[in-house]
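Since the structure comes first, as structure tokens, the remarks are kept for the end.
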Amino acid sequence: MEKNYFFKLSTFFSLFLVLTSSLLYSQDISVKSITVNDNAAVCSNAPLDSDIIIEFETNQAFDFRGKTFSVLTTGANPIASQSYTISGTADKFNLPSSGTVTLSLYSSSDLVAPTTDNFFLNNGNTSIQIEFLESDSNGINNILTKQYTVNKLSAPAYENFEFGALYNFPFQNPLKTSVYSPSTIEVFINFDFSPYLRNK
């Protein structure tokens, strides 16, 4: 009986050590940040003017080259989940120790096939979700979602409209009876298409 007790106890401690070691040395790949236009409200329709920068973090040496991640957007600008592959030739993605890597969704030097999508076509709240898809990681913090408020500039419109007419009455100079001021009439119409004068 005592022998079985010590056998069970030693088995329990062995299992505990194995689990503890695997947790200590497991690979942890996390999505550290998602940045759009320096975290400001998005006010542009051009994709390259609304660059999306992603930062991945690892707790030990890791080669991100050739690895994949997914991007999903919901809200005012929904786009179905799409997978992207990190460039296999860029040495900056091969980390010899713990650290971070940053990449742009629109950069051909960072991704095998960068996106051409416009993530901010409509005004409103848009959420971007990034998920790292490396199967060897333990999945801790490998998903990050960030919400942005899109305030797109309005299209040019008729902001100001002016209509007018001017007429110059001729007057004779009594000292110079042969000289008259000219009779003129002027009609004008002014349009202002500037969106920056709204509510001013």
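Computed values, structure above
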{"quantity": "Meets criteria (open to solvent by 30 Å² or more (accessible area, probe 1.4 Å), under 14 Å from the mean Cα position of the chain (by Cα), at pLDDT below 90 and among the basic types (Lys, Arg)) for LYS176", "calculated": "no"}
{"quantity": "Residues within region 111-170 that are touching a helix residue (DSSP H, G or I) at 6+ places or on another chain (Cβ under 9 Å), at pLDDT below 70 and not in a loop (DSSP other than H, G, I, E, B), tallied", "calculated": "1"}
{"quantity": "Residue among LEU111, LEU95, LEU105 that alone is closer than 14 Å to VAL36 by Cβ and open to solvent by less than 70 Å² (accessible area, probe 1.4 Å)", "calculated": "LEU105"}
{"quantity": "Subset of region 59-80 [open to solvent by 70 Å² or more (accessible area, probe 1.4 Å) and part of a strand (DSSP E or B)]", "calculated": "ALA80"}
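The values are calculated or read from the model by the stated rules, or taken from the named source; none is laboratory data. Quick caveat, the model's predicted, so the values are computed rather than measured. Note that each Cβ is placed from the backbone with ideal geometry, even for glycine, and that neighbours are counted across all protein chains shown. Keep in mind that these areas ignore ligands, DNA and RNA; they rest on the heavy atoms of the full protein, side chains included. Shrake-Rupley method; radii C 1.70, N 1.55, O 1.52, S 1.80 Å.
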